[in-house]
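A quick write-up on the structure given underneath.
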Amino acid sequence: MKRRTLDIIFATGGVVIALAIFVLGLVLADQYNWGKEYVKEELAAQKITFAAADKLTDDEKNWKPGSVCLVENAGKVMETGKQAECYAKYYIGMHLDKSAKTAAVDGKNMGWEGQTYATMGTVQADLKAKIATAQGDEKATLEKQLAAANGLRSTLQTGETLRGLLLTSYGFSIFGDKANTVAQICYGVGVLLLIISAAGFVHAWVAKDDTLFEARGVGAAPGKAAPVA
């Protein structure tokens, strides 16, 4: 096979592969744009606006290291997955944690710190069981505690539901971001292949058309003379 023929074959193959990679990049980029717009529309429907900086409490600003995002987004309308993550983890999360931590009846802290909607079900069941056998003032106190437990569990249910929805939107945005990253890599690889293929075509044009290898004829069978051309 001639060197020029081989160069053209490899260069053409490189162009085909590059075009396929470009198409993959365009598909991934389209998915990224769709995901970005989808998340934006869904979050806009919630009409959530971050509290203004001067309205944020010290607890909201300093609850966890990541709480600084509440200051960075202060006063902004939620539109991105990253903002949804911030609001869910550091605003809703802080208030749910504080609600459980500070729950009290008649000035007495109930010790429900760290409780969730699911675990408060056990707390309610225990209080109901105690009320069933209690009498007088003890029963009245337990009923107050049950009312507090019911209220906290309702708060946790609402907060955890919204938190979960926002984090789901964040998850969609992450998939979109990763698709965009892969799309950019595809574009880079595609460009590199096109450059290499172009070099192959140039080499095929300027290189000597030497023979790299050629097919050999069928040898003679043992004991027989080779065929004469």
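The values are calculated or read from the model by the stated rules, or taken from the named source; none is laboratory data. Values in this document were obtained by computation on a predicted structure and should not be read as measured data. Positions of Cβ are backbone-derived with ideal geometry, glycine not excepted, and every protein chain shown enters the neighbour counts.
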Close pairs (9 angstrom Cβ cut-off, 6 or more residues apart or separate chains): at negative phi and at pLDDT 90 or above in region 102-117, assigned to a strand (DSSP E or B) and small (G, A, S) anywhere: M110/A104
Looking at this structure, is A74 surrounded by 13 or more Cβ atoms within 10 Å (Cβ to Cβ), of a type outside the set (D, E, K, R) and outside any helix (DSSP H, G or I)? yes
Residue within region 19-39 that is in contact (Cβ under 8 Å) with a residue 12 or more places away in the chain and not in a helix (DSSP H, G or I) present: no
Within region 210-228, can one find any residue that is part of a helix (DSSP H, G or I), loosely packed, with under 15 Cβ neighbours inside 10 Å and at pLDDT below 90? no
Got at least one residue in region 62-69 being of a type in the set (A, V, I, L, M, F, W, C), in contact with a Cys (Cβ under 7 Å, 6 or more places away or on another chain) and more than 27 Å from R153 (Cβ to Cβ)? yes
Conditions (1) of a type in the set (D, E, K, R); (2) closer than 22 Å to G35 by Cβ; (3) without any contact (Cβ under 8 Å) to a residue 24 or more places away in the chain -> K89 fails only (3)
How many residues does region 98-118 contain that are part of a helix (DSSP H, G or I) and buried (at least 19 other Cβ atoms within 10 Å of the Cβ)? 1
Search region 41-63 for residues being surrounded by 11 or more Cβ atoms within 10 Å (Cβ to Cβ) and not in a helix (DSSP H, G or I), and hand back the single one that is farthest from the chain's Cα centre (by Cα). T57
